[in-house]
Amino acid sequence: MSTVYILWLRQIKRYFRSRSRIVGSLGQPILFLVALGFGFGPVFRRAGQGSYIQFLVPGIIAMSILFTSIFSGIEIIWDRQFGFLKETLVAPVSRLEIMVGRTLGGATVAIFQGVIVFFISLFAGFRLPGVHALIPTFVFMLLIAVLFTALGTAIASKLEDMQGFQLIMNFLIMPLFFLSGALFPLDGVPTVLATIVRFDPLSYGVDGLRSALVGTSHFGFTVDLTILSVLTFFLLILGSYLFSKIEI
Amino acid sequence: MDNNNHIIEVKNLTKRFSSFTAVDDISFNVEKGDIFAFLGPNGAGKTTTIKMLTTLLFPTEGKISLNGYNPMSQKDEARRSFGIVFQDPSLDDELTARENLEFHGVLYKVPGRLMNSRIEELMKFVELWERRDHLVKTFSGGMKRRLEIARGLLHHPKIFFLDEPTQGLDPQTRNHMWEYIENLNKKEHITVFFTTHYIEEAEKVARRVAIMDHGKIVAQGTPDGLKEKTGKQTLEDAFLSLTGHGIRDEEASGVDRMRQHRAMWRRGR
Ligand SMILES: Nc1ncnc2c1ncn2[C@@H]1O[C@H](COP(=O)(O)OP(=O)(O)O)[C@@H](O)[C@H]1O
Ligand SMILES: [Mg+2]
């Protein structure tokens, strides 16, 4: 337990010590909120879909959690390059504890980032249906954060250095985000796109957040919760397995 | 395995990376309380051997016993038995000196109060106590090395591995460091296993030396014994006669080569 805690604490300390990273990573969500939220707002309303800001905010929260958590997982590559990973790997503790501690730390940071975006969106005109929405919102934030931190860890366990990073950014993170229904409603999209969206785990995160925060859902709350929980569990196992195979 | 006095026993140890044999069928023993040096040029296989001894790499073949444990099957028992200073830096730069030690203490389950008193004692010992709450990224190379030594000792290991501990340090810091380590060996009876490619260090500090080249141990014994055996005055000459080449002519590692290029480039300008 103390192992998990100290690894968690390390991630938190590193996060709060790099203010520039916190501020920097808020730039993108704010830009999306302002440019897309206000830019597409009138069209969205005219199409009879209501407020675009209300629709968009869950997607942008999911986005900031996605980015932060995958990066947290991928930080293992830095630890490997700066040598700190060796220190954790020669310690007499199970690889599972190390992986869980890191993942919870990364997920906490990602949730924190999502919470900041949530507060910013209140200034952009987002209206919460009521405080009861906060509990399911938190559950989905947690699931998204753990799922993608574990995914980042799994990927980083297989990478030697940051060479492949651009590849991951363009062929994993961006598609995960853009194909998740974070930006557009899924009702009535072409079948091909609808099928792709179904294979994107983030779709269920966005949809779950939307059902919690706004009250509308495409797949349904239960489907979102079930699929995300199962995937998170599976990725935690995969991440732990790949992490335990790291040789330096 | 066989002998109670041997804290490390290695038999027919081999490590292959695909077709390349980095460590080639080596055997040696280290006695309790000894200072043992692995001497050899860059690329000889010293670090690879240490990684196998310390559970970071799986041997391709061979047997290891470390403080009576098998590092392959009794990983955590083996891990608790040693402390290590790696060849390359391994601190978290974004944490303070004290936080780095606390992290280690928690992973090795050193109880809280004991941990605090040991951290203070060790940081005073390596003369970093005044800097305890500074971020490690503000430290010089020598300070980081000293902090790594303190960290490696925090859980009171039986064996202390040091992989090229003096690489990149100035002569004063180097001498100082060996004083610490010899002192530690004398007072706490910690077995010290270090690697170096500085012959003077092995000759001065180690009680037993194994000379490694191209993945093989070409000779082992006391420094005096090796000189006697080869009929040479210095360990350097003994090394030359055993391997047929000087230690520094050997092909440098990638990073060393880069450093040399950089140095030449600077001189050239
Ligand atoms: N992971 C690896 N994959 C392939 N070759 C390796 C690996 N690690 C080390 N080597 C090679 O094994 C040889 C021995 O390396 P090393 O043990 O680091 O030598 P030393 O520590 O004595 O300088 C070198 O030729 C090195 O390039
Ligand atoms: Mg080496």
Notebook entry, point to check: Restricting attention to segment A:134-146, does a residue exist that is open to solvent by less than 20 Å² (accessible area, probe 1.4 Å) and either more than 18 Å from A:Met63 (Cβ to Cβ) or at pLDDT below 95 (or both)?
Noted result: no
Check: Name the residues in segment B:190-213 that are over 10 Å from B:Leu39 (Cβ atoms) and open to solvent by 50 Å² or more (accessible area, probe 1.4 Å), would you?
Finding: B:Glu200, B:Lys204, B:Arg207, B:Arg208
Next item on the list: Can you run down the residue pairs with Cβ atoms below 9 Å, 6 or more apart or on separate chains, where the first is in segment A:1-14 and over 16 Å from B:Asn100 (Cβ atoms) and the partner is open to solvent by 50 Å² or more (accessible area, probe 1.4 Å) and of a type in the set (Lys, Arg)?
Entry: A:Ser2/B:Lys109
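For B:Ile50, state whether it is β-branched (Val, Ile, Thr), open to solvent by less than 30 Å² (accessible area, probe 1.4 Å), within 14 Å of chain A (Cβ to nearest Cβ) and within 16 Å of ligand 2 (Cβ to nearest atom).
It is true that B:Ile50 is β-branched (Val, Ile, Thr), open to solvent by less than 30 Å² (accessible area, probe 1.4 Å), within 14 Å of chain A (Cβ to nearest Cβ) and within 16 Å of ligand 2 (Cβ to nearest atom).
Per-residue answers, yes or no, for (1) among the hydrophobic types (A, V, I, L, M, F, W, C); (2) part of a strand (DSSP E or B); (3) at the interface with chain A (Cβ under 7 Å from one of its Cβ atoms):
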position	(1), (2), (3)
B:Lys63	no, yes, no
B:Glu77	no, no, no
B:Arg80	no, no, yes
B:Arg98	no, no, no
Next item on the list: Report, by residue number, each residue of segment A:19-33 that is surrounded by 13 or more Cβ atoms within 10 Å (Cβ to Cβ) and of a type outside the set (D, E, K, R).
Entry: A:Ile22, A:Ser25, A:Leu26, A:Gln28, A:Pro29, A:Ile30, A:Phe32, A:Leu33
Next item on the list: Go over the candidates B:Pro71, B:Pro111 one by one and state the one that is open to solvent by 20 Å² or more (accessible area, probe 1.4 Å) and within 14 Å of chain A (Cβ to nearest Cβ).
Entry: B:Pro111
Notebook entry, point to check: Just a yes or no: is a residue in segment A:209-223 under 18 Å from the mean Cα position of the chain (by Cα) and outside any helix (DSSP H, G or I)?
Noted result: no
Next item on the list: Tell me which of these A:Ile98 doesn't satisfy, since it passes every other one: (1) touching a residue at least 24 places away in the same chain (Cβ under 8 Å); (2) of a type in the set (A, V, I, L, M); (3) assigned to a helix (DSSP H, G or I); (4) more than 20 Å from A:Leu236 (Cβ to Cβ).
Entry: (4)
Next item on the list: Please name all residue pairs, on different chains or six or more residues apart, with Cβ atoms under 8 Å, provided the first residue is in segment B:43-57 and is farther than 19 Å from B:Ser81 by Cα and the second residue is near ligand 2 (Cβ under 8 Å from one of its atoms) and open to solvent by less than 20 Å² (accessible area, probe 1.4 Å).
Entry: B:Lys46/B:Asp163; B:Lys46/B:Glu164; B:Lys46/B:Thr195
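Restricting to segment B:137-172, count the residues that are surrounded by fewer than 17 Cβ atoms within 10 Å (Cβ to Cβ) and either in contact (Cβ under 8 Å) with a residue 40 or more places away in the chain or out of contact with any strand residue (DSSP E or B) (no Cβ under 9 Å at 6 or more places or on another chain) (or both).
Total satisfying the criteria: 9.
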Margin query: Being under 20 Å from the mean Cα position of the chain (by Cα) and not hydroxyl-bearing (Ser, Thr, Tyr): is that true of B:Ala97 here?
Written below: no
Margin query: Checking the conditions here, which among A:Gly50, A:Gly101, A:Gly83 is more than 11 Å from chain B (Cβ to nearest Cβ) and not hydrophobic (A, V, I, L, M, F, W, C)?
Written below: A:Gly50
Next item on the list: Filter segment A:179-221 down to the residues that are closer than 20 Å to A:Met141 by Cβ and aromatic (Phe, Trp, Tyr), then identify the one that is least open to solvent (accessible area, probe 1.4 Å).
Entry: A:Tyr204
Next item on the list: Go through segment A:74-112 and give me each residue that's among the β-branched types (Val, Ile, Thr) and open to solvent by less than 10 Å² (accessible area, probe 1.4 Å).
Entry: A:Ile74, A:Ile76, A:Ile77, A:Thr88, A:Val90, A:Val93, A:Ile98, A:Thr103, A:Val109
Notebook entry, point to check: Going by the structure shown, is B:Pro41 more than 12 Å from ligand 1 (Cβ to nearest atom), not polar (S, T, N, Q) and not in a strand (DSSP E or B)?
Noted result: no
Notebook entry, point to check: Here is a list of conditions, (1) within 13 Å of another protein chain (Cβ to nearest Cβ); (2) more than 16 Å from ligand 1 (Cβ to nearest atom), and B:Asp163 meets all of them except one; can you say which number that is?
Noted result: (2)
Notebook entry, point to check: In segment B:3-21, is there at least one residue being more than 12 Å from ligand 1 (Cβ to nearest atom) and part of a helix (DSSP H, G or I)?
Noted result: no
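Residue by residue, here is whether (1) surrounded by fewer than 18 Cβ atoms within 10 Å (Cβ to Cβ); (2) modelled with pLDDT of 95 or more holds:
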| site | (1), (2) |
| --- | --- |
| B:Asn5 | yes, no |
| B:Arg16 | yes, yes |
| B:Asn29 | no, yes |
| B:Asn42 | no, no |
| B:Lys63 | yes, yes |
| B:Gly83 | no, yes |
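For (1) closer than 23 Å to B:Ala97 by Cβ; (2) more than 15 Å from ligand 2 (Cβ to nearest atom); (3) open to solvent by less than 10 Å² (accessible area, probe 1.4 Å), each residue gets a yes or a no:
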| residue | (1), (2), (3) |
| --- | --- |
| B:Glu188 | yes, yes, no |
| B:Gly215 | no, no, yes |
| B:Gln220 | no, yes, no |
| B:Glu236 | no, yes, no |
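The values are calculated or read from the model by the stated rules, or taken from the named source; none is laboratory data. Worth saying up front: this structure is predicted, and the values here are computed from it rather than measured. Reconstructed Cβ throughout: ideal geometry from the backbone, glycine too, with neighbour counts over all protein chains shown. SASA here: full protein model, heavy atoms, side chains in, ligands and nucleic acids out. Shrake-Rupley method; radii C 1.70, N 1.55, O 1.52, S 1.80 Å.
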